[in-house]
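First comes the structure, then the notes that go with it.
The values are calculated or read from the model by the stated rules, or taken from the named source; none is laboratory data. All values reported here derive from a predicted model rather than from experimental measurement. All Cβ positions, glycine included, derive from the backbone under ideal geometry; neighbour counts span all protein chains shown.
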Amino acid sequence: MKLRKNLILLLVVGFVVFVTGFVVGSEKISELEEPALLSSIGQSPDVQMMEVILNRVEVEHTLIEMAYEEDILEGDYKTLILVIGGSSKGLGEAGIDQDEELERAEKLIELAKKEGIKVVSAHVGGIDRRGSLTDPFLEVILPGSDMVLYLEESNEDGFFDEILEGKEEIKRVESERTLGFVDLLGELFGK
């Protein structure tokens, strides 16, 4: 009789452990968390493209094209997405130069790291958005990121490989086309 009670108890406990493990194991594991703060570095319109992508994935986010440290502190952000693409026109309209923009980016990254916010750098403008204005932003910002998103064509010359060489802790997410980031970001945010 006692053996039978122990056997039943063992079966019940085993079933509970199995069901609990199955439910926990079936949850999607996300590398990035919501809400996200989305901002531009270089003031190109590429940040608008990323906002369309985040909307399609249904990622909770706030777009502040020229975010500053206080914007990070005022929100409860878990992810900072910096869309990198230099635009002379955009910088001119914002009333800042390349050096001021780099300084703003460095301060954002420093504060995000201090606050435990993941930093995602995204270059979604392709090879046409590379050059003497954008490349210095990439050289400074990418090494401070937790994750880097870029189009394959942007790395045809090995530029991203060179910057990220020896930095295995930085996750690289490469896409053949811009809309490919919809599925990739969906997976990264656990959608």
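Looking for something crowded, with 21+ Cβ neighbours inside 10 Å and of a type in the set (Val, Ile, Thr) - is there at least one such residue anywhere in segment 87-108?
No, the conditions are met nowhere in segment 87-108.
Among the residues that make up segment 76-86, is at least one of them exposed (fewer than 13 other Cβ atoms within 10 Å of the Cβ) and of a type in the set (Gly, Ala, Ser)?
no
What is the one condition in (1) modelled with pLDDT under 95; (2) crowded, with 19+ Cβ neighbours inside 10 Å that GLY180 does not satisfy?
(2)
Of the residues in segment 109-135, how many are under 17 Å from GLU70 (Cβ atoms) and out of contact with any Ser or Thr (no Cβ under 7 Å at 6 or more places or on another chain)?
Residues in segment 109-135 being under 17 Å from GLU70 (Cβ atoms) and out of contact with any Ser or Thr (no Cβ under 7 Å at 6 or more places or on another chain): 7 in total.
Taking the residues in segment 33-45 that are in a loop (DSSP other than H, G, I, E, B) and at pLDDT 95 or above as candidates, determine which candidate is surrounded by the fewest Cβ atoms within 10 Å (Cβ to Cβ).
So the residue we want is PRO35.
Determine whether ASP128 is surrounded by fewer than 15 Cβ atoms within 10 Å (Cβ to Cβ), free of Cβ contacts under 8 Å to residues at least 12 places away in the same chain and either touching a strand residue (DSSP E or B) at 6+ places or on another chain (Cβ under 7 Å) or under 26 Å from GLU100 (Cβ atoms) (or both). Lay out the reasoning, then the answer.
Working: surrounded by fewer than 15 Cβ atoms within 10 Å (Cβ to Cβ): yes; free of Cβ contacts under 8 Å to residues at least 12 places away in the same chain: yes; either touching a strand residue (DSSP E or B) at 6+ places or on another chain (Cβ under 7 Å) or under 26 Å from GLU100 (Cβ atoms) (or both): yes.
Against the criterion (surrounded by fewer than 15 Cβ atoms within 10 Å (Cβ to Cβ), free of Cβ contacts under 8 Å to residues at least 12 places away in the same chain and either touching a strand residue (DSSP E or B) at 6+ places or on another chain (Cβ under 7 Å) or under 26 Å from GLU100 (Cβ atoms) (or both)), ASP128 qualifies.
I'd like to check which strands (runs of 3 or more DSSP E) are fully inside segment 100-176 and have at least 1 residues that are over 17 Å from the mean Cα position of the chain (by Cα).
none
Find all pairs meeting these conditions: Cβ atoms under 6 angstrom apart; at least six residues apart or on different chains; first residue within segment 180-191 and assigned by TED's automatic domain parsing to the domain that holds MET49 and closer than 9 Å to VAL57 by Cα; second residue surrounded by fewer than 17 Cβ atoms within 10 Å (Cβ to Cβ) and among the charged types (D, E, K, R).
VAL182/ARG56
If only one of GLU168, GLU174, GLU156 is in contact (Cβ under 8 Å) with a residue 24 or more places away in the chain, acidic (Asp, Glu) and out of contact with any Leu (no Cβ under 9 Å at 6 or more places or on another chain), which one is it?
Working: GLU168 fails: in contact (Cβ under 8 Å) with a residue 24 or more places away in the chain; GLU174 fails: out of contact with any Leu (no Cβ under 9 Å at 6 or more places or on another chain).
Residue meeting the stated conditions: GLU156.
I'd like the full set of residues that are among the hydroxyl-bearing types (Ser, Thr, Tyr) and assigned to a strand (DSSP E or B), limited to segment 72-99. Don't jump to the end; show me each part of the working.
Within segment 72-99, the subset among the hydroxyl-bearing types (Ser, Thr, Tyr) is 77, 79, 87-88.
Correct list: THR79 only.
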